[in-house]
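Colleague: Mind looking over this structure? Questions follow.
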Protein chains: 2
Amino acid sequence: MRISELATRSGVSAASIKWYAREGLLPAGERTGYNQTEYGEEHLARLQLIRSLIEVGGLSVAAARDVLAAADDPDHPFGNTLGIAQASLPRPATPPTAASLEQVTDAARAQGWEVFDDNPGLPAAAAVLDRYRALGREDLTATLPGYLRAAEIVAAADLDRITENPSPATAAQTVVVGTVLGDALLAGLRRMAQASESHRRFGPTPGSPS
Amino acid sequence: MRISELATRSGVSAASIKWYAREGLLPAGERTGYNQTEYGEEHLARLQLIRSLIEVGGLSVAAARDVLAAADDPDHPFGNTLGIAQASLPRPATPPTAASLEQVTDAARAQGWEVFDDNPGLPAAAAVLDRYRALGREDLTATLPGYLRAAEIVAAADLDRITENPSPATAAQTVVVGTVLGDALLAGLRRMAQASESHRRFGPTPGSPS
């Protein structure tokens, strides 16, 4: 199909399609003549995945490229698929303090978790505790036990999905898509739960529908 | 203080400080002479907040500006503070389908939640279900009940923090900072829980420690 048809069917503009191809997220189409390129169904499927990661998952183009490159590598064993999904976390610009790393590690162990030092979730979580401290809001770390329990429930639901899709190819897609989109799903549901819980505790507030 | 001192104390480069001021996130400093500007402690505190939202919370500069502008408005009643925090969610580029909106609404009501149609979490969550469908992965919606329970636990922890900080000014900061950084904290802990749960179910995998 021509780029105009690919744009219509995928919902991604021709300009963005060219950009994704230039940035290495999308394989190039086949040149069939002067200023004319043919795309196939595989390009359409790939664009659906790219849209999911960028538009709904909120990844930058650079982060999406890294995640896709890792997911495309057939040598990645199943165990590393989790590592791929974990690459989708933004790396903290400033390394977290040892105190916060230890605080997260201790809290996770107290919850019965196995803690791996090379898990990128650890510095990401520790960086948040450092920020609470920089803002003079250490009191916010009191949410940690609740967040740990919530993360455990979500991870169990995630792993159930992987177990039911045991083929390595589907497992990789499940983890990559499920992890990035799962963050977005959880953020959306959390806003809904905040509003519901606020309504339950404090009653209707001015301007809110009751 | 001069911009160089502000940069050192905040950990934000002078170029970024100028950019944030130009984009309206940071109030301008006081011009004290040719090519010389003075900044105060309030600029330092503001930069800590900006860093939290952008570097650790992962917000774009435009999203951080919107969140800060809403949080700065003294006319926002307490009930709308949640609305401000909810503005930090990326809006789906494509409106979600009615089917997905209904699916999220029904699942939330089944969990006993009060559902507000104008809550931005609703279209954000529905957009994720649409993406699962576009990718042919409707099976991933089976995670919804687990995610709902997790969101409920997190929201209860969030509201506990607000209740303990009942002054409107602190409540606004708690919700804005707690919501944006809380998403990042939850995403990090989720990666750690996935690795721990994977280890528990499947044992050590090639390349993983232990």
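Colleague: Of all residues in the range B:128-169, which are more than 8 Å from every other protein chain (Cβ to nearest Cβ), at pLDDT below 80 and not in a helix (DSSP H, G or I)?
Modeller: Those that are more than 8 Å from every other protein chain (Cβ to nearest Cβ), at pLDDT below 80 and not in a helix (DSSP H, G or I): B:166, B:167.
Colleague: What number of residues within the range A:118-140 satisfy the criterion of being under 24 Å from residue A:182 (Cβ atoms) and out of contact with any Asp or Glu (no Cβ under 9 Å at 6 or more places or on another chain)?
Modeller: Of the residues in that region, 10 qualify.
Colleague: Would you please name the residue that is farthest from residue B:177 (Cα to Cα), looking only at residues in the range B:50-75 that are within 10 Å of chain A (Cβ to nearest Cβ) and open to solvent by 40 Å² or more (accessible area, probe 1.4 Å)?
Modeller: This residue is B:60.
Colleague: Suppose we filter the range A:13-49 for residues that are part of a loop (DSSP other than H, G, I, E, B), touching a residue at least 40 places away in the same chain (Cβ under 8 Å) and open to solvent by less than 30 Å² (accessible area, probe 1.4 Å); how many remain?
Modeller: Counting residues in the range A:13-49 that are part of a loop (DSSP other than H, G, I, E, B), touching a residue at least 40 places away in the same chain (Cβ under 8 Å) and open to solvent by less than 30 Å² (accessible area, probe 1.4 Å) gives 1.
Colleague: In the range A:1-12, what residues are part of a helix (DSSP H, G or I) and not aliphatic (A, V, I, L, M)?
Modeller: Step one: of the range A:1-12, the residues part of a helix (DSSP H, G or I) are A:3-10.
Listed by number, the residues that qualify are A:4, A:5, A:8, A:9, A:10.
Colleague: A follow-up question, please. Can you tell me how many residues within the range A:53-112 are charged (D, E, K, R) and modelled with pLDDT of 95 or more?
Modeller: 3
Colleague: Could you check the range A:2-12 and list, in sequence order, the residues that are under 14 Å from residue B:134 (Cα atoms) and crowded, with 19+ Cβ neighbours inside 10 Å? Give the derivation first.
Modeller: As a first pass, look at the range A:2-12 and keep what is under 14 Å from residue B:134 (Cα atoms): A:9-12.
A:10, A:12, listed by residue number.
Colleague: Determine, yes or no, whether residue B:178 is modelled with pLDDT under 80 and in contact with a Lys or Arg (Cβ under 8 Å, 6 or more places away or on another chain).
Modeller: Yes: the conditions hold for residue B:178.
The values are calculated or read from the model by the stated rules, or taken from the named source; none is laboratory data. Keep in mind that what you see is a predicted model, and the values were worked out from it rather than measured. Cβ sites come from the backbone with ideal geometry, for glycine too, and all protein chains shown count toward neighbours. Calculation scope for accessible area: heavy atoms of the full protein, side chains included, ligands and nucleic acids excluded. Shrake-Rupley method; radii C 1.70, N 1.55, O 1.52, S 1.80 Å.
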